[in-house]
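Step one of this worksheet: look at the structure below.
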Amino acid sequence: LKKDIFPLENALEKILRLRGVEYFWKDENKTQGKQIGVIAQEIEKEFPELVLEDNEGIKSVNYAALTAPLIEAIKEQQEQINALRQEIKELKKK
């Protein structure tokens, strides 16, 4: 069902530029209490395809789609960990 499929590149680098935040809604009609999330404008800089904008210019994040970059970032990080483990192993042999 999909075409033109390409792997995500530099996912870890992009994810590291994002920040998770705690916040409260200004609009009292929204869920009260502390929320956890991200800022749409910050996500938009790294992953513009994950940000939606309504007719009033309000931006929101497609959190479900954020899963793919997170998966790729973990895989990139694991490659780094494996390389460091191998390097440590080789250094211990000396």
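We did not get these values from a lab; they are worked out from the coordinates using the rules stated. Computed from a prediction, not measured in an experiment: that's the story for all the values here. Methodologically, a virtual Cβ is constructed for each residue, glycine included, from the backbone with ideal geometry; neighbour enumeration extends over all protein chains shown.
Taking Cβ atoms as reference points and 13 Å as the exclusive limit, the residues near residue 17 contribute a net charge of -1, counting Lys and Arg as +1 and Asp and Glu as -1.
Each of 86, 62, 41 was scored by the projection of its Cα onto the charge dipole of the range 27-94, and the greatest displacement toward the positive side belongs to 86; charges sit on the C-beta of Lys, Arg, Asp and Glu. Pairs of Lys residues in the chain, spaced 8 or more positions apart or belonging to different chains, with C-alpha separations under 18 angstrom: 6 in total. Remark on residue 39: its backbone amide H falls under 5 Å from those of 19, a criterion applied only to residues 5 or more positions apart or on other chains, H modelled at 1.01 Å from N.
When every alpha-carbon pair in the chain is counted, what percent end up more than 23 Å apart?
Of the Cα pairs, 44 percent sit more than 23 Å apart.
Per-residue packing, averaged as other Cβ atoms within 10 Å, sorts the ranges 79-85, 43-49 into the order 43-49, 79-85, beginning with the highest. Scalar couplings 3J(HN,Hα) for the range 57-64, obtained by applying the Karplus form with A = 6.51, B = -1.76, C = 1.60 to θ = phi - 60°, are x, 7, 9, 9, 10, 7, 4, 4 Hz; x denotes Gly and Pro.
Every helix of 4 or more DSSP H residues in the chain counts as -39500 (n - 2.57), and over all residues that averages to -13500 deg cm²/dmol at 222 nm.
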